[in-house]
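The numbers here are math on the coordinates, done by the rules we state, and not lab data. Model, not experiment: these values are computed from the prediction. Glycine gets a Cβ as well: all are built from the backbone with ideal geometry, and neighbour counts include every protein chain shown.
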Amino acid sequence: MISKRPASVLGIIAAGALALTACGSDNNASSPSGSNNSGAPAPTGTATVDCGGKSALKAEGSSAQKGAMDTFIAAYAQKCSGQQLAYNPTGSGAGVKQFNAGIVDIGGSDSALNKDKGEVDAAAKRCQGNPAWNLPLVFGPVGIAYKVNGVTDLTLTGELAAKIFSGAITKWNDPAIAAANKGATLPDKAITVIYRGDESGTTDNFQRYLKAAGKGAWTKDTGKKFNGGVGQGGQGSAGVVESINAGDGTVGYVEWSYIQDKNLSSAKIDSGSGGVALGADTAGAAIKSAKVKGEGHDLVLDLDSLYGSNTPGAYPLVLATYEIVCSKGYDADTTKAVKAFLTTSATDAQKQLVDAGYVPLPDEFQAKLLDAIKAIS
């Protein structure tokens, strides 16, 4: 079970740029956005949910969004009686492969389909010659989690993180780490890097962060496979958490929901304006500035520019999990059910995401997402 967030966090988000979406009706069809049955303006975040179609959808992929998907599935079952979706959190790489093979209806990935690796063309083939769309439904920060006995407050820069995860820094009391943590007592202990052993969109985003924020210290490749060349791998996010907890001197990268659930310590990130702790408000400040670089309803985000930015008070290491769907090419029953699930997830269920360790959709993204979902045919 994912830990519950304090009520104060909800207040922070509601007061800030990332307003929580309002809950829709318990009926099978809520009022269209912008109006209700009385003709008055509808609450932000409502949309018509046309239930029906395929009764048992299948989805697979990102383990980073597992907690969010649990929330979405429950909201979908409540909104659309008798409708189900089964989600298998096998990792982003597996999710893309299973979607492109036509085994699942929706693929979940923490990075968009990669054209150079043939994923875009394979997805179009699976969608009967139509493009697949990357729809960012889940936003969540990634923490640099650690377990070092006696150390409860740690600040890292992008450059330090790049050197640690590539093996250029190997001891916790390295002078460069000490300089970023003045006054802290750091042990003369070897650093044990823990990474995702499976292909993962979380790994892809983390390595892209290291490249963008590392000031040239990350000389390795990016991508879904960890390329640091040091440490030991864990299977899925749960495996990373287990390995971090099992040692002393360990450090790894994992989603906020897992850090909260297991009460792990996570480093503050200093992008140049001082250390910023991982949290809903600080991650929300970063997400607010993310831009769409995809075309039309393919809502691929430009996170690389965000990773290398220095916005005071913003926690830059965030990822968006995409639901990969066919723009066209499903049979009619699957199309109807996929649209109902996505619409419910983008509206009614969003207000519950903070409790599951995620950041609700910013209003700007929610509007674009609902337009894209409506366009699936």
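Long hydrophobic helices in the chain, taken as whole DSSP H segments with a C-alpha length of 15 Å or more on their own axis and mean Kyte-Doolittle hydropathy at least -0.5: 66-79, 236-246, 332-346, 363-375. Residues whose amide H lies under 5 Å from that of Thr250, counting only those 5 or more places away or on a different chain, are Lys147, Thr192; hydrogens are built 1.01 Å from N in the peptide plane. The trypsin sites (Lys or Arg not before Pro) of the stretch 291-377 that meet both conditions, a loop assignment by DSSP and at most 16 other Cβ atoms within 10 Å of the site Cβ, are Lys293, Lys328.
Remind me, relative contact order of the stretch 270-330 in percent, using alpha carbon pairs under 8 angstrom and six or more residues apart? Relative contact order here is 38 percent.
Sort the stretch 142-284 into rounded, prolate or oblate with this rule: let a ≥ b ≥ c be the square roots of the eigenvalues of the Cα gyration tensor; rounded if a/c is under 1.5, and if a/c is not under 1.5, prolate when a/b is larger than b/c, oblate otherwise. Because its axes are fairly even, with a/c under 1.5, the stretch 142-284 counts as rounded.
Tell me the relative contact order for the stretch 142-284 as a rounded percent, counting alpha carbon contacts under 8 Å between residues six or more apart.
Computed value for the stretch 142-284: 37 percent relative contact order.
Over the residues of the chain, the helix contribution to mean residue ellipticity at 222 nm works out to -9500 deg cm²/dmol, using -39500 (n - 2.57) for each DSSP H run of at least 4. Ordering Arg208, Arg196 from the fewest to the most neighbouring beta carbons within 10 Å gives Arg208, Arg196. By other beta-carbon atoms within 10 Å, ranking Phe99, Phe365 with the fewest at the front produces Phe365, Phe99. Bridges between two residues of the chain, per DSSP, are antiparallel at a rate of about 60%. Each part reduced to its alpha carbon centroid, the stretch 191-258 and the stretch 326-345 end up 34 Å apart.
Fewest-first ordering of Tyr358, Tyr195 by other beta carbons within 10 Å of each residue's beta carbon gives Tyr195, Tyr358. Taking a ≥ b ≥ c as the square roots of the eigenvalues of the Cα gyration tensor of the chain, is the shape rounded (a/c under 1.5), prolate (a/b larger than b/c) or oblate? Cα axes put the chain in the prolate bin.
In whole percent, what relative contact order does the chain give with Cα contacts below 8 Å and a gap of six or more residues?
28 percent
Remark: the stretch 142-284 carries a charge dipole of roughly 320 debye about the Cα centre, counting +1 on each Lys and Arg Cβ and -1 on each Asp and Glu Cβ.
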